[in-house]
1. Out of the stretch 63-83, which residues are in contact (Cβ under 8 Å) with a residue 12 or more places away in the chain and open to solvent by 40 Å² or more (accessible area, probe 1.4 Å)?
2. Please enumerate the residues belonging to the stretch 32-67 that are part of a strand (DSSP E or B) and either charged (D, E, K, R) or touching a Ser or Thr at 6+ places or on another chain (Cβ under 7 Å) (or both).
3. Being free of Cβ contacts under 8 Å to residues at least 60 places away in the same chain, out of contact with any Asp or Glu (no Cβ under 7 Å at 6 or more places or on another chain) and part of a loop (DSSP other than H, G, I, E, B) is the filter; apply it to the stretch 108-131 and report the residue that is most open to solvent (accessible area, probe 1.4 Å).
4. In the stretch 162-173, how many are open to solvent by 90 Å² or more (accessible area, probe 1.4 Å) and touching a strand residue (DSSP E or B) at 6+ places or on another chain (Cβ under 6 Å)?
5. Quick one: count up the residues across the stretch 132-161 that are of a type in the set (S, T, N, Q) and either open to solvent by less than 20 Å² (accessible area, probe 1.4 Å) or within 18 Å of D79 (Cα to Cα) (or both).
6. Name the residues in the stretch 1-32 that are more than 16 Å from A68 (Cα to Cα), touching a residue at least 60 places away in the same chain (Cβ under 8 Å) and within 15 Å of the chain's Cα centre (by Cα), would you?
7. Say whether the condition of being farther than 19 Å from I12 by Cα and among the polar types (S, T, N, Q) is met by at least one residue in the stretch 67-75.
8. Can we say P39 is under 20 Å from R105 (Cα atoms), open to solvent by 40 Å² or more (accessible area, probe 1.4 Å) and out of contact with any Phe, Trp or Tyr (no Cβ under 8 Å at 6 or more places or on another chain)?
Amino acid sequence: MTVVPNRLDAMIRLAKEEDLGAICRLYADDPWLWLGSHPGDTAAEQLYRDRLLRGERCYLAFVGDHLAHVNWTCYRWGDALPGRPLRLGSGEVYTTDAFTPAAFRGQGIHALVLGTMLRDARAQGARHAFTIGQFDRPDALKGLRALGWRETGRVVYFQPRASGKALCLHRTGNTAPLFRRRATA
């Protein structure tokens, strides 16, 4: 893995339950990341707490007192497309829900945190890592490319308003991990 310089002198650590309020405030205005039904949904914090309790790890980067980045790793399964979780097997990890506030974008913080996450995952036995990127957010993909990630598959989908599931319209490349019925051994 490529080593990314810590240009902002960021401090990276795992989230604790008492960090959930700050995470929720960061995610609340982003419909892709926010688990609540609306920005002020106070029940959403419990959904993020559930993620921690089921073993997901949330990495936080701080620059001074400011939360500069949030990112998650999943080792058993993780939310991928709406209504379609990514089920992981032995030696696999899924990184998801990365967010960098505007003040810290373009400074390598995403790549820095992601590198830490992947090194930790490797130390725990992971040999394959998955993530999902949105093509309408090309800057978010820069951190992935900086670490040597490559696109292996692409899914075009839409989610009807009255449905909690993604309707897949087109798939190219290796998208099989998204369509597993259960985890691999």
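1. Across the stretch 63-83, the qualifying residues are H66, Y75, R76, W77, D79, G83.
2. Result: R57, Y59.
3. Taking the candidates together, the pick is R127.
4. Counting residues in the stretch 162-173 that are open to solvent by 90 Å² or more (accessible area, probe 1.4 Å) and touching a strand residue (DSSP E or B) at 6+ places or on another chain (Cβ under 6 Å) gives 3.
5. 2
6. W32
7. No - not one qualifying residue is present in the stretch 67-75.
8. On the way: under 20 Å from R105 (Cα atoms): no; open to solvent by 40 Å² or more (accessible area, probe 1.4 Å): yes; out of contact with any Phe, Trp or Tyr (no Cβ under 8 Å at 6 or more places or on another chain): yes.
When the stated conditions are applied, P39 does not pass them.
The values are calculated or read from the model by the stated rules, or taken from the named source; none is laboratory data. Everything numeric here is computed off the predicted structure, so don't read it as measured data. Methodologically, a virtual Cβ is constructed for each residue, glycine included, from the backbone with ideal geometry; neighbour enumeration extends over all protein chains shown. Remember, those area values only see protein heavy atoms, side chains included, never the ligands or the DNA or RNA. Shrake-Rupley method; radii C 1.70, N 1.55, O 1.52, S 1.80 Å.
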